[in-house]
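Structure first, then comments.
The values are calculated or read from the model by the stated rules, or taken from the named source; none is laboratory data. None of the values given here were measured: they were computed from a predicted structure. Note that we place each Cβ from the backbone using ideal geometry, even for glycine, and neighbour counts take in every protein chain shown.
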Amino acid sequence: MKQSIRHNKIIELVNQLGYVGTEQLVAELNVSSQTIRRDLNELAEKNLIRRHHGGAGAPSNTENSDYTDRKYFFSEQKECIAQNVAKLIPNGASIFVDIGTTAEAIAVALLNHKQLCIVTNNLNAAHILRQNEEFKITVAGGELRSDGGIIGEATVNFINQFRLDYCILGISAIELDGSMMDYDYHEVQVKRALMRNARKVILATDHSKFKRNATVRLGDIREVNYLFTDCTLPPELQNHLNHSDVSIHNCTQNNALK
């Protein structure tokens with residue numbers, strides 16, 4: 001395999017996964033570990049990746065992936081998470097639906113429910129949910145982003161007028177100490193309002209978010225009531241949650257861990 005092809009493949013994997021190990025790259029690209037280390041060093045020098053011991057991560061530009069790309073990252077895992085979240089939501093419930101592609105997958109999974117009352121700052125999710133004529137859907141006002149998300153002070157003020165049963169929350173990154181992190185300060189303010197005005201908070205996130213870095217802290221993962229993901233949690237994070245009331249669901253195994 002040509003070096004340029006390897007480099008493009010490495011960058012693609014890093015952007016998708018957030019972090020990829022050297023041995024995984026050796027197996028994926030069918031080259032020696034020495035070759036991979038040279039590739040990683042060259043890419044790091046060009047700031048195309050960030051070099052770590054034993055692998056590589058995304059470069060520290062603190063920017064989120066493009067929406068079009070994120071929509072197709074781990075789509076099967078997101079669908080599995082979405083189906084499990086939908087099972088938790090009873091007919092007739094009131095819910096906030098957050099920005100993000102996982103939230104949109106959950107919107108699809110909710111379409112067979114009855115008489116849901118939904119408040120959302122996600123235009124894409126609203127468009128999906130409107131297919132069910134029994135749903136009452138309210139869309140928050142504010143600044144419209146290119147990915148269909150609505151954010152800003154007006155959005156926060158709007159959300160503060162409600163008190164709903166569930167909040168379906170997405171996140172960009174979760175650190176090993178339990179910090180929930182995102183890239184956009186204004187989006188974080190909206191997420192805080194969603195959490196504050198929901199009786200139960202559901203955090204839905206695929207495994208890549210445990211390997212990413214972001215710059216704005218939303219809060220501690222122990223503040224949520226349910227965590228739905230598609231992997232076994234990193235040991236440090238599991239220890240952080242051991243004495244909490246968070247109900248953890250590993251959707252790959254279709255099994256509640258706690």
Residues that are farther than 24 Å from Gly18 by Cβ, surrounded by 21 or more Cβ atoms within 10 Å (Cβ to Cβ) and of a type in the set (Ser, Thr, Tyr): does region 170-184 have at least one?
no
Kindly establish whether Arg130 is in contact (Cβ under 8 Å) with a residue 24 or more places away in the chain, over 28 Å from Gly18 (Cβ atoms), among the charged types (D, E, K, R) and out of contact with any Phe, Trp or Tyr (no Cβ under 9 Å at 6 or more places or on another chain).
no
Counting only residues that are in a helix (DSSP H, G or I), among the small types (Gly, Ala, Ser) and out of contact with any strand residue (DSSP E or B) (no Cβ under 7 Å at 6 or more places or on another chain), region 6-52 contains a total of 2
Residues in region 94-143 that are of a type outside the set (Lys, Arg) and closer than 17 Å to Gln161 by Cα: how many?
16
Please indicate, with yes or no, whether at least one residue in region 219-241 is touching a Cys at 6+ places or on another chain (Cβ under 7 Å), surrounded by 17 or more Cβ atoms within 10 Å (Cβ to Cβ) and more than 20 Å from Ala107 (Cβ to Cβ).
no
Val190 of a type in the set (A, V, I, L, M), surrounded by fewer than 19 Cβ atoms within 10 Å (Cβ to Cβ) and in contact with a strand residue (DSSP E or B) (Cβ under 6 Å, 6 or more places away or on another chain):
no
Index of the failed condition, Leu241 passing every other in (1) out of contact with any Phe, Trp or Tyr (no Cβ under 8 Å at 6 or more places or on another chain); (2) free of Cβ contacts under 8 Å to residues at least 60 places away in the same chain
(2)
Mind checking which pairs have a first residue in region 7-27 that is on the phi > 0 side of the Ramachandran plot and buried (at least 19 other Cβ atoms within 10 Å of the Cβ) and a second that is assigned to a helix (DSSP H, G or I) and of a type in the set (S, T, N, Q), Cβ under 9 Å, 6 or more apart or different chains?
Gly18/Ser208
Qualifying positions in region 25-51 - out of contact with any Lys or Arg (no Cβ under 7 Å at 6 or more places or on another chain), at pLDDT 85 or above and under 19 Å from Asn213 (Cβ atoms):
Leu43
Scan Glu133, Glu153, Glu104, Glu143 and give me the residue that is among the charged types (D, E, K, R) and under 28 Å from Leu237 (Cβ atoms).
Glu104
Among the numbered criteria (1) under 18 Å from Thr102 (Cβ atoms); (2) out of contact with any Asp or Glu (no Cβ under 9 Å at 6 or more places or on another chain); (3) modelled with pLDDT of 95 or more; (4) not in a strand (DSSP E or B), which single criterion is violated by Leu194?
(2)
